[in-house]
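Take a look at the structure set out below.
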Amino acid sequence: MKSLLAVSRILDRLVNGAGRLAGWLILPMIGVIMFDVIMRHWFNIGSTMLQELEWHLHGTLFLLGLGWAYNKDNHVRIELVSEKLKSNIRIIIELTGIALFLIPYIIVIVTFGYDYFALSLANNEISASQTGLPMRYIIKGIMVFGFVLLGLAGVSRFITQLAVLKGAIPDPDEHHHAEGHS
């Protein structure tokens, strides 16, 4: 179990590092949005390239932050039932959810997403707009990478929850549930 927990810590560092790095994308995204708004409102100059850059930055921020949010338990969760359950039951539900839903979903998304990325790269795909961004494959590759990070976060969480269930480590989430939120 110790070696699995060491793997979990490595996965957490990777996922959390990518999430922190993605957080810095908010600054260029704000800059691009502000510049775009100023150019549109005061100079009546629109740019498809800037608009596409905005959603590429937003998408990258979101996709690279998915795993980090999952690691930090900052994702949407239905607490009405789970907060009333015993710790072992919550853990079994989480393990089941990861094994039956999250990991298979990630495998499907990454498999098909990689195909879209590879096709886009092979064709040097560009924006459908003549004045849009080139290299559309970059955002498609980030999509795949973001879901890989989410999958790694899921594997790490699975290992951690399994260790808690076996009594190898204390439940790191117990204080959240004792306070009535997570």
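Each reported figure results from applying straightforward, stated rules to the coordinates on display, with no laboratory input. These figures come from a predicted structure and were not determined experimentally.
Quick one, which of (1) 30, 18, 14; (2) 38, 20, 13; (3) 35, 18, 14 is the actual semi-axes √(5λ) of the Cα gyration tensor in Å calculated for this model?
Computing semi-axes √(5λ) of the Cα gyration tensor in Å and matching it to (1) 30, 18, 14; (2) 38, 20, 13; (3) 35, 18, 14 gives (2).
Can you show me the helix-derived [θ] at 222 nm for the chain, built from DSSP H runs with n ≥ 4 at -39,500 (n - 2.57) apiece and divided by the number of residues, rounded to the nearest 500.
-24500 deg cm²/dmol, from helical runs alone.
With everything on Cα atoms, drop me the angle between helix 2-23 and the longest principal axis of the chain, reported from 0 to 90° to the nearest 10.
The answer is roughly 30 degrees.
Using each residue's phi in the range 105-117, evaluate 6.51 cos²θ - 1.76 cosθ + 1.60 at θ = phi - 60° and report the 3J(HN,Hα) Karplus result to the nearest Hz, with x for Gly and Pro.
4, 4, 4, 5, 4, 5, 4, 6, x, 5, 4, 5, 4
Amide H neighbours of GLU125 under 5 Å, at least 5 residues apart or on other chains, H built in the peptide plane: list them.
HN-HN under 5 Å from GLU125: ARG136, TYR137.
From the backbone phi of the range 37-54, what are the Karplus-calculated ³J(HN,Hα) couplings (6.51 cos²θ - 1.76 cosθ + 1.60, θ = phi - 60°) in whole Hz, Gly and Pro given as x?
Per residue, the Karplus-derived 3J(HN,Hα) values read 5, 4, 5, 6, 7, 9, 10, 6, 10, x, 9, 4, 4, 5, 5, 5, 4, 4 Hz.
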